[in-house]
Amino acid sequence: MKPPATQRAITRLLLHLHPPKIDEQAIKWNRTFGLGGIAALLFVILFFTGLLLRFVYVPSVEGAYDSIVALNNNTLFGRLLRNLHYWSATLLIIVAFLHLVRVFYSQSIYYERRKNWLYGLLLLFLVVSSNFTGYLLPWDQLSFWAVTIMTNMLTYIPLIGDGVANLIRGGEDVNANTLLRFYHFHTGLLPLLMVFFMSVHFWLVRKVKGVTVNNPSQRKMVDTNPHLVSKEVFLALVLIIFLLLFAMFFNAPLQGKAEPSVSPNPSKAPWYFMGFQELLINIHPTFASFIIPALAIGFFIYIPFVKFDSVNTGTWFNSAKGKRATIVSALFSLVFTLTLILLNEYVFNFTGWLPEWPPFISLGLIMFLLYVVPAGAFLYLLKTKTGISRVELLMSAVTVLLTAYLVMMTVGSLFRGEGMQLFS
Ligand code: HEM
């Protein structure tokens, strides 16, 4: 029996994105968990729900908030539409991050895949920027102050900080110009850039004959349709049903209209930037806003170019030893980061102990070394005691960094209250 017309149309579209035959190993669930495909589908959902939102949204300080309230209360399926857009955007950040984790730990970023790691990083930047610019658009207290905090952080970048922050905001604080700029970035330039770089990203995956597999020499090719297409259609349906149900029961947040003179206590950045806000609480602003992010970005760009010894392309954690080292590194970073946060909150008082020293040293360099020296010693010991390879050491270093960020993000989001005090 012939499948229904819509199913045939979807299949034909999906087939244009794939080669006619595909490696059997490449379509096993645990190879990619479909994360790249889910990210792409989320982008499509965001694109179409965003197009509809444009019909009612008013991009001005006077009209933005009221247009969202009217959308929620007076438009048929308006609230559902907004919720769908909001939760898809949130999920896209999580999925893009998990996809990064998957390609990194499954050794899928070396040799001919280096370039795609870099395009991936760019895509992640675009995903986060899209989310951040969209965050301001409801013009409520939550979004106004979150954007104020984040753009203020930029002012700590030496020499150019004020200029960059003023350029993004269109003034010295978040105002009508900021809203208009963010609106145009969010609904114009950023989606365009994403479509372009996603196309390059997909093309590069095809160019290297699909995603990594453990044993490319033992390739067994199967027809893309139905073997891959059926899985993709299934995953897409599950995702859409899940999102619809979620959007029916959980509302996107909306506080009172933005009041630039009344800052809520606590004022928090969007959850995915909370790691940086937590950093700012613990270390001098030049380190939190510039030195550490710049070092981390440089390191992530450099990752696939590290001179390595043995890479088992397509093998999760590279080897059993690599897997153990990754788990130990995550545990180390969890305990160590939490300990430093607690010590800094309740014990350390470097400005009091060293009143003559410039804050850049007492609150900055000392705190930085207090993290980097023990973490470096841990990695050194791990390498010498367990005999892991360079690539596995790199994996451990990335694990320490990622875990530290996740711990800071969680502490900042969930365990800080009034005055950003711990457990208040
Ligand atoms: C909007 C965001 C993104 C989309 C839509 C996307 C989409 C995809 C898709 C569909 C694939 C092939 C299937 C799969 O691996 O699941 C893929 C592979 C890949 N992606 Fe992404 N991606 C995104 C972000 C990223 C990020 C943040 C990184 C890392 C920094 C990244 C790096 C890679 C690499 C290296 C591959 C090749 C993996 C392999 O050959 O096994 N991508 N991406």
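So which of VAL229, VAL174 ends up being away from the ligand (no atom under 16 Å from the Cβ) and either over 24 Å from LEU52 (Cβ atoms) or in contact with a Phe, Trp or Tyr (Cβ under 8 Å, 6 or more places away or on another chain) (or both)?
The unique qualifying residue is VAL174.
So which residues in the range 1-45 are outside any helix (DSSP H, G or I) and either of a type in the set (Asp, Glu) or modelled with pLDDT of 80 or more (or both)?
Scanning the range 1-45 gives PRO4, HIS18, PRO19, PRO20, LYS21, ILE22, ASP23, LYS28, PHE33, GLY34.
Mind listing whichever residues of the range 229-258 are surrounded by 12 or more Cβ atoms within 10 Å (Cβ to Cβ) and either over 27 Å from the mean Cα position of the chain (by Cα) or among the charged types (D, E, K, R) (or both)?
VAL229, SER230, LYS231, GLU232, LYS257 - these are the residues of the range 229-258 that are surrounded by 12 or more Cβ atoms within 10 Å (Cβ to Cβ) and either over 27 Å from the mean Cα position of the chain (by Cα) or among the charged types (D, E, K, R) (or both).
Go through the range 410-419 and report how many residues are under 16 Å from ALA146 (Cα atoms), open to solvent by 30 Å² or more (accessible area, probe 1.4 Å) and under 26 Å from the mean Cα position of the chain (by Cα).
Result for the range 410-419: 2.
Please go through the range 131-144 and pick out each residue that is within 20 Å of VAL58 (Cβ to Cβ) and either in contact with a Cys (Cβ under 9 Å, 6 or more places away or on another chain) or within 16 Å of the ligand (Cβ to nearest atom) (or both).
THR133, GLY134, listed by residue number.
Determine, yes or no, whether VAL101 is out of contact with any helix residue (DSSP H, G or I) (no Cβ under 6 Å at 6 or more places or on another chain) and farther than 18 Å from PHE47 by Cβ.
Yes.
For the range 54-140, please list each of the helices (runs of 4 or more DSSP H) lying entirely inside it that holds at least 2 residues being within 19 Å of MET198 (Cβ to Cβ), hydrophobic (A, V, I, L, M, F, W, C) and within 11 Å of the chain's Cα centre (by Cα).
78-105, 114-136
Evaluate the following for SER130: is it among the polar types (S, T, N, Q), open to solvent by less than 30 Å² (accessible area, probe 1.4 Å) and within 25 Å of ARG169 (Cβ to Cβ)?
Considered against the rule, which asks whether it is among the polar types (S, T, N, Q), open to solvent by less than 30 Å² (accessible area, probe 1.4 Å) and within 25 Å of ARG169 (Cβ to Cβ), SER130 comes out as yes.
Among the residues in the range 26-37, are any within 16 Å of the ligand (Cβ to nearest atom), surrounded by fewer than 19 Cβ atoms within 10 Å (Cβ to Cβ) and among the charged types (D, E, K, R)?
Yes: the range 26-37 contains one or more residues that are within 16 Å of the ligand (Cβ to nearest atom), surrounded by fewer than 19 Cβ atoms within 10 Å (Cβ to Cβ) and among the charged types (D, E, K, R).
Which count do you get for residues in the range 339-360 that are of a type in the set (A, V, I, L, M) and surrounded by 16 or more Cβ atoms within 10 Å (Cβ to Cβ)?
Summing the residues that are of a type in the set (A, V, I, L, M) and surrounded by 16 or more Cβ atoms within 10 Å (Cβ to Cβ) in the range 339-360 gives 2.
From (1) open to solvent by 70 Å² or more (accessible area, probe 1.4 Å); (2) within 16 Å of the ligand (Cβ to nearest atom); (3) assigned to a loop (DSSP other than H, G, I, E, B); (4) at negative phi, pick out the condition that doesn't hold for ASN214.
(1)
Of the conditions (1) open to solvent by less than 60 Å² (accessible area, probe 1.4 Å); (2) more than 11 Å from the ligand (Cβ to nearest atom), LEU167 satisfies every one except a single condition; which number is it?
So LEU167 meets the others, but not (1).
With respect to ASP162, determine if the residue is surrounded by fewer than 21 Cβ atoms within 10 Å (Cβ to Cβ) and assigned to a helix (DSSP H, G or I).
The answer is yes for ASP162.
Filter the range 38-80 down to the residues that are within 15 Å of the ligand (Cβ to nearest atom) and either buried (at least 18 other Cβ atoms within 10 Å of the Cβ) or in contact (Cβ under 8 Å) with a residue 60 or more places away in the chain (or both) and list them by number.
ILE38, ALA39, ALA40, LEU41, LEU42, PHE43, ILE45, LEU46, PHE47, GLY50
For the condition assigned to a helix (DSSP H, G or I), at negative phi and charged (D, E, K, R), what is the one hit in GLU259, GLU232?
GLU232
What number of residues within the range 365-392 are over 25 Å from ILE149 (Cβ atoms), touching a residue at least 40 places away in the same chain (Cβ under 8 Å) and buried (at least 16 other Cβ atoms within 10 Å of the Cβ)?
Selection size over the range 365-392: 8.
Could you check the range 83-115 and list, in sequence order, the residues that are open to solvent by 30 Å² or more (accessible area, probe 1.4 Å) and within 11 Å of the ligand (Cβ to nearest atom)?
Within the range 83-115, PHE97, LEU98, HIS99, VAL101, TYR111, GLU112, ARG113, ARG114, LYS115 meet the criteria.
So which residues in the range 262-317 are in a helix (DSSP H, G or I), hydroxyl-bearing (Ser, Thr, Tyr) and within 16 Å of the ligand (Cβ to nearest atom), if there are any at all?
Hits for the range 262-317 are TYR272, TYR302.
The values are calculated or read from the model by the stated rules, or taken from the named source; none is laboratory data. None of the values given here were measured: they were computed from a predicted structure. Cβ atoms come from the backbone with ideal geometry, glycine included; neighbour counts cover every protein chain shown. Surface areas here come from the heavy atoms of the whole protein model, side chains and all, with no ligands, DNA or RNA. Shrake-Rupley method; radii C 1.70, N 1.55, O 1.52, S 1.80 Å.
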